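Everything below concerns the one structure shown next.
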Amino acid sequence: MQKTVLNFIPHEAKAQIQDLISADNLVIKVKGERKTRHGDYRKLPNGKHQITVNSNLNSYRFLITLIHEIAHLEAYQKHGRFIKPHGKEWKLTFQHLMLPFLRPEIFPIDLLPLLAKHFKNPKASSDTDENLALALKRYDENQDKTYVFEIPQGVTFKLYNGRIFRKGAKRRKRYECLEISSGKLYLFNPNAEVEVLE
């Protein structure tokens with residue numbers, strides 16, 4: 001199973017990742033696309049630990065997600081199960097694990113400053129870091145995507161799940177969008193993928 005995981009990450013990171021994933025009682029599964037998450041970690045009833053990562057991620061996002069999930073495992077093992085999922089223990093573990101990978105042999109030069117800034121205080125998802133998320137998307141295979149920040153205010157759009165919204169004004173970082181069927185306002189990250197209807 002681990003050999004499959006190594007096929008999804010940059011070649012220059014494979015030896016380091018092999019060391020990380022072989023040291024633990026760990027099962028890693030590569031899953032199909034999930035719209036609500038890039039990966040997850042959980043302790044299984046049999047005492048093993050399971051990490052899943054989406055197969056549709058580009059190699060750089062896959063690597064970041066894999067290390068994100070390994071950080072959950074290591075924080076859990078070191079600090080116990082009562083820590084916050086993305087609290088200080090996880091952040092410090094994620095920073096510690098990620099630092100050796102922040103090299104030009106592994107990540108493109110244009111991503112390194114954005115990654116360095118992000119890992120000063122990593123968030124629960126790299127998607128909440130607008131600049132990093134957009135830079136990572138430039139390495140996706142499918143480049144013909146439309147994002148909320150690209151469409152004009154007042155335009156109607158559809159999400160992957162069929163829900164229809166009208167784009168509103170930008171707040172500090174996110175956009176207010178009105179769901180047509182319910183009349184409720186929702187906040188969207190600028191890099192949310194959408195399908196324009198008008």
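The values are calculated or read from the model by the stated rules, or taken from the named source; none is laboratory data. None of these values were measured; they are calculated from a predicted model. Cβ sites come from the backbone with ideal geometry, for glycine too, and all protein chains shown count toward neighbours.
Residue-by-condition table, conditions (1) modelled with pLDDT of 95 or more; (2) more than 24 Å from ASP40 (Cβ to Cβ):
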{"residue": "LEU115", "(1), (2)": "yes, no"}
{"residue": "ASP127", "(1), (2)": "no, no"}
{"residue": "ASN131", "(1), (2)": "no, yes"}
{"residue": "ALA135", "(1), (2)": "no, no"}
{"residue": "LYS145", "(1), (2)": "no, no"}
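For the range 111-136, a residue qualifies if it is assigned to a loop (DSSP other than H, G, I, E, B) and hydroxyl-bearing (Ser, Thr, Tyr), and exactly one does: SER125.
Within the range 65-88, the set of residues being among the charged types (D, E, K, R) and either within 19 Å of ALA116 (Cα to Cα) or touching a Gly at 6+ places or on another chain (Cβ under 8 Å) (or both) comprises GLU69, LYS88. ILE17 meets each of the listed conditions (1) of a type outside the set (Ser, Thr, Tyr); (2) at pLDDT below 95; (3) over 21 Å from ALA116 (Cα atoms) apart from (3).
Is it fair to say THR93 is within 22 Å of LYS14 (Cβ to Cβ), surrounded by 12 or more Cβ atoms within 10 Å (Cβ to Cβ) and touching an Asp or Glu at 6+ places or on another chain (Cβ under 9 Å)? Walk me through it before giving the result.
Numbers: within 22 Å of LYS14 (Cβ to Cβ): yes; surrounded by 12 or more Cβ atoms within 10 Å (Cβ to Cβ): yes; touching an Asp or Glu at 6+ places or on another chain (Cβ under 9 Å): yes.
Yes; evaluated as a whole, the condition is true for this residue.
When GLU176, GLU105 are screened for being at pLDDT 90 or above, in contact with a Leu (Cβ under 7 Å, 6 or more places away or on another chain) and of a type in the set (Asp, Glu), only GLU176 passes. Only a single criterion out of (1) surrounded by fewer than 18 Cβ atoms within 10 Å (Cβ to Cβ); (2) of a type outside the set (D, E, K, R); (3) in contact (Cβ under 8 Å) with a residue 12 or more places away in the chain; (4) in the same structural domain as LEU66 (by TED's automatic domain parsing) is not satisfied by PRO113, namely (3).
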